1. Specify the angular offset, from 0 to 90 degrees and rounded to the nearest 10, of the alpha carbon long axis of helix 110-125 from the longest principal axis of the alpha carbons in the chain.
2. Roughly how many Å² is the accessible area per residue of segment 1-158, as a whole number, for a 1.4 Å probe?
3. Taking Cα atoms, how many degrees apart are the long axis of helix 59-73 and the longest axis of the chain, rounded to 10 and kept between 0 and 90?
4. Quick one: order Asp94, Asp78, Asp198, Asp47 from most to least accessible surface, probe 1.4 Å.
5. Could you work out how far helix 205-216 tilts from the main Cα principal axis of the chain, as a 0 to 90 degree angle to the nearest 10?
6. Between Ala51 and residues 5 or more places away or on another chain, which pairs have amide H atoms under 5 Å apart, with H built 1.01 Å from N, and which residues are they?
7. Per-residue accessible area for Phe109 at 1.4 Å probe radius, Å² rounded to 10?
8. Dividing the alpha-carbon radius of gyration of segment 55-108 by 2.2 N^0.38 Å (N being the number of residues), what value is obtained?
Amino acid sequence: MTEQRIILLTGCSSGIGAYCARALRDDGWRVFATVRKEADLASLEADGIEAFVLDYTRPETISAVVATVRERTGDRIDALFNNGAYGQPGAVEDLTTDVLREQFETNFFGWHELTRQILPLMRKQGHGRIVNCSSILGLVPYRFRGAYTASKFALEGLTITLRMELQDSGIHVSLIEPGPIATRFTANALAKINEHIDLEGSAHAVEYRRQLRRLDGSGPISKHKLGPEAVYDVLKSALNAKNPRPHYLVTTPAKQGVLLKRLLPANFFYRLMRRLD
């Protein structure tokens, strides 16, 4: 394909999405980037990127962005990168069902709705790439991240099923599973735990104090944390490889976690994960 390829990315206000939007533009793609807040449009537009507001919890914004992209491109889109998400910390017993539902609306149901609206265009043109940015927590569990882990486990299952169903359609589907990446993710998680969890009234109050130190930056920082360029390296492979892989692990902890889950007895593996900070 010699003409400029077109991609729609979500979650581009900062971190992985912001980096990938600019890197894809530099690599020759026509980039349509979305953010959740209107205030975050300006920095993308200043860099020559077509940017729009899309909130996964508001279906009307999903439909509006898809309609605009279709109008501007003549009903063509070559790739979709679902990336916008947040992590709701908290012990499972401290999560209300409404809080859990809110996590799924952003991290799962909204992704499904956007993908469903894009797929008819890809089927019509006979090709496409769908890449979902999952997490190592979609493959292995982690204490006090039950809501986020559940949403990513669900995403893993839905995405791989979609990949199987689209075999031989010309549409390729992949998952990226990062470990620790330097983004604003932990800052957003800190806001969510303060908003939704009764930190002092919980049976886990002591552990929450440790968790807060990790989230606010006063605790130890992972020496394995990489920049968002590490995600872009594998995103390029998922977008350009003739036969893209179903899973792209990013960072040493992610690769180690999957290997240990495969090799160790389940009880021993979960005890090991239980001891991780």
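The values are calculated or read from the model by the stated rules, or taken from the named source; none is laboratory data. Quick caveat, the model's predicted, so the values are computed rather than measured. Cβ sites come from the backbone with ideal geometry, for glycine too, and all protein chains shown count toward neighbours. We work out accessible area using only protein heavy atoms, side chains counted, and drop any ligands, DNA or RNA first. Shrake-Rupley method; radii C 1.70, N 1.55, O 1.52, S 1.80 Å.
1. The angle comes out at about 30 degrees.
2. Ligands and nucleic acids excluded, the figure is 41 Å² per residue.
3. For 59-73 against the chain, the angle is about 30 degrees.
4. Asp198, Asp47, Asp94, Asp78
5. 40
6. Ala33
7. Number for this one is 100 Å².
8. Relative to the rule-of-thumb radius for its length, segment 55-108 sits at 1.54.
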